[in-house]
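Quick note: the coordinates plus some simple rules give every number you see, no bench work behind them. Keep in mind that this is a model prediction, so the values were computed, not measured. Positions of Cβ are generated from backbone atoms using ideal geometry, with glycine treated the same way; all protein chains shown enter the neighbour counts.
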Amino acid sequence: MDLFNAFDEKKCTLCGQCFHQCPVMSLPLDVAKDEIVKLVNNNETKYVLQKCTSCFACNFICPEACNPAQLILDRWQEKYVRGGLPVRAKYFIPHNKPNFRTYVLDRLPEDEKRLVESWDDTSECEEIFYPGCNVITSPYLTKTKLLEGLTIRGSLDMCCGEMYYRMGLYDQVVQTAKRLERYFNEMGVKKMIIPCTAGRNMFTNVLPKFGVKFDFEIQHMLPWIFDKIESGEIEIKKKLEMTATIQESCYGKMFGDAYLDIPRRILERIGVTVVEESLCRENALCCGIAGGFSPSSGFHPLHIALATIRSLRLAQKTGAQALVGYCAGCLQMLSVGQISYPVKKMPIYHILELIQMAIGETPDRRNSQRAWQLFAGTLINQFPKVISTKRFYLEDIE
């Protein structure tokens with residue numbers, strides 16, 4: 001099954017299970033059936049086009065493998081062509097400047113600024129660690145001997161286009177793909193290690209469908225680290241003896257159970273007992289940022305906050321001592337969420353930080369500081385635009 005093929009209307013029986021079993025909407029079956037009929041007939045929906053977080057769970061739920069998520073993205077793309085996006089969305093568009101990430105980069109501590117500057121290099125390099133946008137805004141996560149010997153290359157301008165894709169902004173995905181093709185060709189890359197599951201999915205499953213094939217090996221950081229733990233190259237010196245629940249990446253499910261098992265096996269090796277959330281693995285909730293992806297939301301702060309709080313509550317219900325993510329974006333989003341929802345506050349870690357602790361390192365733990373920067377930037381730049389009725393179209397990416 002190719003989860004990123006076009007919606008197959010001929011196979012669709014309009015059963016409604018995609019939206020009935022959806023972890024975000026969980027619509028009553030009769031309502032779900034009505035919604036899929038409206039989507040297929042290109043009529044406005046009451047729920048789906050407004051509340052979907054494009055997590056792709058419905059593609060796994062669909063009994064006929066019709067790829068309903070792609071139909072939603074197609075309808076979002078059509079809505080964008082007809083009417084653009086709310087002006088508040090500008091602050092979250094990857095190549096629009098200033099944006100929520102450039103706000104953070106402008107305020108990084110000097111040690112992190114130097115790291116980011118050193119990564120913006122296109123000289124020849126066959127094997128690279130590609131940080132992706134989220135690690136670029138949390139570069140302190142790379143300050144560990146776990147990544148020793150890797151050449152890190154990347155910049156915000158070399159975004160993988162994941163946010164564009166999940167918003168149905170196909171022209172921008174095409175332009176991003178071409179830009180990245182030139183970038184990697186210039187360096188002569190033969191192998192990429194990537195810490196971002198979303199990025200891995202874009203490079204392996206999505207961008208090739210938009211006209212670009214990357215002719216190099218792509219390996220995610222988690223199996224790369226796990227192999228080193230198993231071989232003894234990474235020595236575990238201290239078992240952590242704690243419980244934790246996992247914030248799943250929306251894209252983890254794309255790579256199957258074997259991939260979803262890896263963070264759990266790593267945590268087991270370092271003495272962390274995993275307590276699963278009621279919605280996990282293929283049915284996991286997004287960290288919250290995707291609450292803003294629909295054209296009707298346009299990154300409305302309230303929609304994002306509510307989606308993030310729902311994920312935090314789900315984690316808290318497990319009774320685990322900590323919440324662990326393997327996506328730097330999830331780390332940032334959930335940490336921001338704790339500012340507006342500090343009830344039963346639990347520590348949030350990136351899995352790299354826990355591995356650092358297990359090998360005897362002391363992680364920098366700057367997620368709270370970074371969360372306040374993201375929160376402040378949104379407060380300053382977004383709230384004056386929340387009630388604006390103005391709309392806009394994206395500029396081309398050169």
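Laid out as a table, the results:
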| item | result |
| --- | --- |
| Using alpha carbons only: equivalent-ellipsoid semi-axes of region 278-393, gyration tensor based, whole Å | 28, 17, 12 |
| Residue-averaged [θ]222 nm for the chain, counting only DSSP H segments that reach four residues, each worth -39500 (n - 2.57) | -12500 deg cm²/dmol |
| Within-10-Å neighbourhood charge of Lys317 [Cβ basis; K, R +1; D, E -1] | +1 |
| Fraction in percent of alpha-carbon pairs per bin - 10 Å, region 124-258 | 11, 39, 35, 12, 3 |
| Per residue Cα convex hull volume in Å³ - calculated over the chain | 133 |
| Peptides 87-99, 51-63 ordered by average Cβ neighbours within 10 Å, highest first | 51-63, 87-99 |
| Alpha-carbon Rg/Rh ratio, for region 105-154, with Rh computed the Kirkwood way | 0.94 |
| Electrostatic dipole magnitude of the chain [Cβ: Lys, Arg +1; Asp, Glu -1; Cα centre; debye, to 20] | 1360 |
| For Ile397, net neighbour charge (Lys/Arg +1, Asp/Glu -1) across residues whose Cβ lies under 15 Å away | -2 |
| Local electrostatic count, Ser335, Cβ distance below 11 Å [Lys/Arg +1, Asp/Glu -1] | +4 |
| Lys/Arg +1, Asp/Glu -1 at C-beta; region 17-84 dipole; positive extreme among Phe56, Tyr80, Gln21 | Tyr80 |
| P(r) weight above 14 Å for region 201-278, C-alpha pairs, percent | 69 |
| Kirkwood hydrodynamic radius (C-alpha pairs) into Stokes-Einstein, region 17-84, 25 °C and 0.890 mPa s, D in µm²/s | 206 |
